[in-house]
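Notes to accompany the following structure.
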Amino acid sequence: MFKWFWKILCVVLCLGAPAHAQNVDDLLDQLQQAPTPEVANALVAEIWPLWLYPDANSDQRPKMEQALRAMDRNNFAKADRLLTDIITAAPDYTEAWNKRATIRFLAGDFVGSEADIFETLQREPRHFGAISGLGLINMHLNEYEKALNAFKHLRTLHPYSRDADEFIPILNDLLGRQDL
């Protein structure tokens, strides 16, 4: 009964305030301490829009929306061009780097994707999406130790990450290890 009370209290405290009232750092701190997958998922749902549109009045928003539509249509070349334009105009727009990393990964450009992930992580070291992407790249490159390290790091930032849960055991098997 007591544990249940604290879980409910945490949900109310963690999710009770509107997303705009909290900054991303606070949400990432809460994510690291999330008591349940449901709380973690709710926090992740608040973080992504803040990363995607950090400045609601940004003149880059229409281009980002065009890039996202191009991604949805698998028009990777167009999405890459649009994201490159955004990065050129606003080099600190972290999510533009991350989205371009995703596009490049999907297009099979692992070197370009990895470079963009490193740019993302310079701007936001706790970007759990970029860290997961780094793990996936290393898996594709058969760099299993690096991939395992990325997913273990991901788990410290997002304790209920489905990617970490899925890939850590696979990578441990590939490396002949047991997950303790």
Failed item, numbered, when Ala34 is tested on (1) assigned to a helix (DSSP H, G or I); (2) under 27 Å from Tyr160 (Cβ atoms); (3) small (Gly, Ala, Ser):
(1)
Do the conditions hold for Glu145, that is, is it of a type in the set (Asp, Glu), in a helix (DSSP H, G or I) and within 24 Å of Gly112 (Cα to Cα)?
yes
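Just to check your reading of the model, which residue among Leu50, Leu82 is free of Cβ contacts under 8 Å to residues at least 40 places away in the same chain, over 29 Å from Gln32 (Cα atoms) and part of a helix (DSSP H, G or I)? Show your work before the answer.
On the way: Leu50 fails: over 29 Å from Gln32 (Cα atoms).
Leu82 is the lone residue from the list that is free of Cβ contacts under 8 Å to residues at least 40 places away in the same chain, over 29 Å from Gln32 (Cα atoms) and part of a helix (DSSP H, G or I).
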Can you tell me which residue is surrounded by the most Cβ atoms within 10 Å (Cβ to Cβ) among those in region 60-73 that are over 19 Å from the mean Cα position of the chain (by Cα) and in contact (Cβ under 8 Å) with a residue 12 or more places away in the chain?
Gln60
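Report yes if Asp116 is among the charged types (D, E, K, R) and either under 28 Å from Leu31 (Cβ atoms) or buried (at least 21 other Cβ atoms within 10 Å of the Cβ) (or both), otherwise no.
On the way: among the charged types (D, E, K, R): yes; either under 28 Å from Leu31 (Cβ atoms) or buried (at least 21 other Cβ atoms within 10 Å of the Cβ) (or both): yes.
Yes; evaluated as a whole, the condition is true for this residue.
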In region 141-156, is there at least one residue being surrounded by 23 or more Cβ atoms within 10 Å (Cβ to Cβ), of a type outside the set (A, V, I, L, M, F, W, C), under 15 Å from the mean Cα position of the chain (by Cα) and within 30 Å of Asp29 (Cβ to Cβ)?
no
Number of positions in region 156-180 that are closer than 13 Å to Phe128 by Cβ and touching an Asp or Glu at 6+ places or on another chain (Cβ under 8 Å):
0
Can you tell me how many residues within region 38-59 are surrounded by 13 or more Cβ atoms within 10 Å (Cβ to Cβ) and over 20 Å from Ala130 (Cα atoms)?
3
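Each value in this text was obtained by applying a stated rule to the coordinates, not by laboratory testing. Fair warning: this is a prediction, and the values are worked out from it, not measured in the lab. Counting neighbours? That spans all protein chains shown, and the Cβs are built from the backbone with ideal geometry, glycine included.
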